[in-house]
Amino acid sequence: MNRDRYSRIDKLKLVGHETLSKLRDLSVAVIGLGGTGSLVTELLASNGVKHISIVDRDYVEESNLHRQIIFDEKDVGKRKVDAAYSRLQAMNSSVEVKKVFGTLDSGNAIDLFSEVDIVIDCTDNITSRLIINDACVKLQKPWIFSSALETYGQFKAIIPGKSSCFACFNDSVPEDFPTCAQVGVLSSVPSVISGFVFSTVVRLIAGDENGDYLYHLESWPPAIDRILIRRNPGCRSCSKGDFKYLSSKYSGLDFHPLA
Ligand SMILES: [Zn+2]
């Protein structure tokens, strides 16, 4: 390894050799290669994270390019996982990238997550988040929730057995939940959220993140709210162990999380 490559993060007092070493030995799954997901994978790769699994079912479209800056014009029409794979390998050849072309569902979540240390949710819908949540709570695996829409975004670390889980505060799927395709998104929002998500990964492995807070970032005008979310003693998932989003209803060829 070229030691100079990571010297600027190595020199950070809050990071240091031990956390950098853990980061470089880390295995992460990024679910969704939209604005936030594509930028998070770049940060993971540029910092030498050992293994990155990328999961996405979509193809690069021209309307993605204004915010999903891992892709460029020649990628339009390609599978996102293929275009991202090429980009990440070019960024850092020491990083192992696993491509998973398809929908994250209850049929593959457990297998995919079993082989990684941290799961990062960069999806655009609540159903996928509840599948990720139930799989991670069942496996006792930390994950990071993130979202970006219009001019705002959110993120929260979820540490099963320690912090509140996603179902503690959001355990239903609204019928009219909007997507970026419907209401748009300012390009800077996924950029900011992806940066904080990467910081959260580093803080998790440094032992400085306890998952207590959900962060809500508004960019118009700029503001950050920190919301304390305690564990819900009646939570279906992390308290009662009812993992209903891992049932067969949420998998298979007919399953579409936005449907
Ligand atoms: Zn819970």
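Of Gly234, Asn64, Ser147, which is farthest towards the positive pole of the chain's charge dipole, taken about the Cα centre with +1 and -1 on the beta-carbons of Lys, Arg and Asp, Glu respectively?
Final value for the positive-end residue is Gly234.
Starting from the Cα of Lys11, draw a straight line to each of the lysines and keep only those under 17 Å, dropping any in the same chain fewer than 8 residues away.
Lys22
For the range 1-138, with only Lys/Arg (+1) and Asp/Glu (-1) charged at the beta-carbon, what is the dipole magnitude about the Cα centre, in debye rounded to 20?
Numbers: 19 positive and 21 negative charges, 103 e Å.
Roughly 500 debye, rounded to the nearest 20.
Compute, for the range 3-250, the length of the dipole vector about the Cα centre, with Cβ point charges of +1 (Lys, Arg) and -1 (Asp, Glu) only. Units Debye, rounded to 20. Don't skip to the end; give the middle numbers.
Numbers: 30 positive and 31 negative charges, 156 e Å.
That gives a dipole near 740 debye.
Can you return the aspartates and glutamates within cross-link range of Lys240? Criterion is Cα-Cα under 19 Å, with same-chain partners fewer than 8 residues away left out.
In chain and number order, the partners are Asp134, Asp171.
Please give me the summed charge of the neighbours of Pro142: other residues whose Cβ is under 9 Å from its Cβ, Lys and Arg +1, Asp and Glu -1.
0
Are there any helices in the chain, counted as whole DSSP H runs, that stretch 15 Å or more along their axis by Cα and score at least 0.5 on average by Kyte-Doolittle, and if so which?
Working: long enough: 35-46 (17 Å, 0.84); 80-91 (16 Å, -0.18); 126-139 (19 Å, 0.91); 188-206 (27 Å, 1.62).
Sorted by number, the helices that extend far enough and score high enough are 35-46, 126-139, 188-206.
Grab the range 77-167 and count how many Lys pairs have their alpha-carbon atoms under 16 Å apart, sequence gap of 8 or more, or different chains.
Values: Lys78/Lys99; Lys80/Lys98; Lys80/Lys99; Lys138/Lys162; Lys141/Lys156; Lys141/Lys162.
Close lysine pairs found across the range 77-167: 6.
Grab the DSSP H runs of the chain that are 4 residues or longer, score each as -39,500 (n - 2.57), total them, divide by all residues and round the 222 nm result to the nearest 500 deg cm²/dmol.
On the way: 9 runs with 84 residues, N = 259.
That calculation yields -9500 deg cm²/dmol at 222 nm.
For the pair Val100 and Phe177, what calculated FRET efficiency results from E = 1/(1 + (r/R0)^6), where r is the Cβ-Cβ distance and R0 = 35 Å, to the nearest 0.05?
0.90
Would you give the gap between the C-alpha center of the range 1-80 and the C-alpha center of the range 183-215, rounded to a whole Å?
So the two Cα centres are separated by 13 Å.
Which residue, Ala148, Ala84, Ala223, has the most motion in a Gaussian network model of the chain that connects Cα atoms within less than 10 Å?
For the chain, modelled as a Gaussian network with Cα springs under 10 Å, the answer is Ala223.
Determine the gain in length on full extension of the stretch Ser46-Asp208; use 0.36 nm per residue of separation and subtract their C-alpha separation, reporting nm with one decimal.
The span from Ser46 to Asp208 would gain 56.1 nm if fully extended.
I'd like the antiparallel share, as a percent to the nearest 5, of DSSP beta bridges with both residues in the chain. List each step's numbers first, then the result.
Working: 20 of 39 bridges.
If I count the DSSP bridges inside the chain, around 50 percent turn out antiparallel.
Loop only per DSSP, at most 12 neighbouring Cβ atoms within 10 Å: give me the trypsin sites (Lys or Arg not before Pro) in the range 206-246, ordered by residue number. Numbers along the way, then the final one.
Details: sites: Arg226, Arg230, Arg231, Arg236, Lys240, Lys244; in loops: Arg230, Arg231, Arg236, Lys240.
Here the trypsin sites (Lys or Arg not before Pro) that fit, given the DSSP loop and packing criteria, are Arg230, Lys240.
Read-outs: derived from the displayed coordinates by stated rules, not from any lab. It should be emphasised that the depicted structure is a prediction, and the values quoted were computed from it without experimental measurement. Neighbour counts are summed over all protein chains in view; Cβ atoms, including those assigned to glycine, are modelled from backbone coordinates with ideal geometry.
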